[in-house]
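Shown next, in structure tokens, is the structure this report addresses.
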Amino acid sequence: MVSITRNLKRLVYLISPSKIYPNFYIDLNKVLASKKVFFFQLRLKKKTPGEVVKIAKKIKNITQKYNVKLIINDNSLIAKKVNADGCHLGQNDDTIELSRKNIKKKIIGLTCHGSKELALKALKNKCDYVAFGSFFKSKLKPKAKKANLKILNWAKKNIKVPIVVIGGITDKNYKKLINAGANYIAISTFIWNNPFLKPEIAIKRFI
């Protein structure tokens with residue numbers, strides 16, 4: 001089992017931009033050099049599996065350099081092929097059981113929206129972390145189901161794996177999520193599509 005216990009200096013679960021732009025790999029190096037990122041999730045919904053594998057291999061060279069866990073969204077077979085640190089599953093993706101067969105003891109995380117029932121089921125199926133959200137309005141997932149802080153207060157007492165929060169998280173609202181019980185904050189738009197800050201500056205706003 002890969003250790004993903006809370007790291008007080010690395011609270012960020014960074015999600016890739018939806019498109020890999022020309023300077024992305026340079027920016028990723030700069031962002032990870034901040035030493036604030038624990039996970040990096042590659043999430044490319046509009047790419048073929050072959051294209052994702054090719055991109056993931058390039059990214060893995062960078063994540064390894066900074067000791068960041070590489071997580072592949074949706075697809076445990078791709079995670080296996082590139083020897084990533086794990087995969088993240090939505091409720092409509094492969095089951096934890098099937099993914100476990102593909103990637104063995106590596107990290108498997110599951111989206112649980114704002115549901116206690118889904119979180120307890122994920123725990124029973126031996127996931128390695130649970131993700132709750134969306135807590136705020138999100139440009140990445142504008143139609144995402146909503147969650148509130150009460151689920152974090154409950155999860156802190158009842159869920160014995162790390163808790164990731166997602167959805168419209170910025171430097172202005174993340175602390176209330178950490179204070180409510182979150183272990184990691186998942187962010188994407190604030191870093192990659194920030195109209196005011198370059199990625200390497202935006203990441204430094206999370207203290």
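Across segment 166-207, the residues whose backbone nitrogen lies under 17 Å from the label position 7 Å along the beta-carbon direction of Lys47 are 188-189, 192-193. Counting only the backbone N, which residues of segment 179-194 are under 18 Å from the spot 7 Å out from the Cα of Asn153 toward its beta-carbon? Under 18 Å, as judged by backbone N against the label point of Asn153, lie 179-183 of segment 179-194.
Cross-link reach is defined here as a Cα-Cα straight distance under 19 Å, omitting same-chain residues fewer than 8 places apart; for Lys81 the aspartates and glutamates meeting it are Glu51, Asp93, Asp94, Glu97.
Over segment 1-130, what is the mean sequence separation of C-alpha contacts under 8 Å (at least six apart), divided by residue count, expressed as relative contact order in percent?
Across segment 1-130, relative contact order equals 19 percent.
Ignoring aspartates and glutamates fewer than eight residues from Lys58 along the same chain, the ones with Cα atoms less than 20 angstrom from its Cα are Asp27, Asp74, Asp85, Glu200. Computed over the chain with a Gaussian network model linking Cα atoms closer than 10 Å, the most mobile of Lys69, Lys172, Lys145 is Lys172.
Each Cα pair under 8 Å and six or more residues apart adds its sequence gap; the mean of these over the residue count of segment 151-194 is a relative contact order of 44 percent. Among the listed pairs Lys19/Lys65; Lys47/Lys160; Lys121/Lys175; Lys36/Lys172; Lys46/Lys137; Lys54/Lys124, those whose Cα-Cα separation exceeds 25 Å are Lys47/Lys160; Lys121/Lys175; Lys54/Lys124. Could you state the number of Å between the C-alpha centres of segment 92-133 and segment 34-52? Each part's Cα centre sits 18 Å from the other's. Solvent-accessible surface of the chain, taken per residue with a 1.4 Å probe and all protein chains present: 53 Å².
Expressed as a whole percent, the accessible surface of the chain that belongs to carbon and sulfur atoms is 54, based on a 1.4 Å probe. Based on the Cβ-Cβ distance from Asn23 to Lys175, what FRET efficiency comes out when R0 is 25 Å, to the nearest 0.05? Efficiency, from the Cβ-Cβ distance: 0.25. For segment 33-42, 3J(HN,Hα) computed residue by residue from phi via the Karplus equation (6.51, -1.76, 1.60; θ = phi - 60°) reads 5, 5, 6, 9, 9, 9, 10, 10, 9, 8 Hz, glycine and proline entered as x.
The values are calculated or read from the model by the stated rules, or taken from the named source; none is laboratory data. Note that the structure is a prediction, hence the values are computed from the model and not measured. Cβ sites come from the backbone with ideal geometry, for glycine too, and all protein chains shown count toward neighbours. Quick note on the areas: whole protein, heavy atoms, side chains included, nothing else; ligands and nucleic acids left out. Shrake-Rupley method; radii C 1.70, N 1.55, O 1.52, S 1.80 Å.
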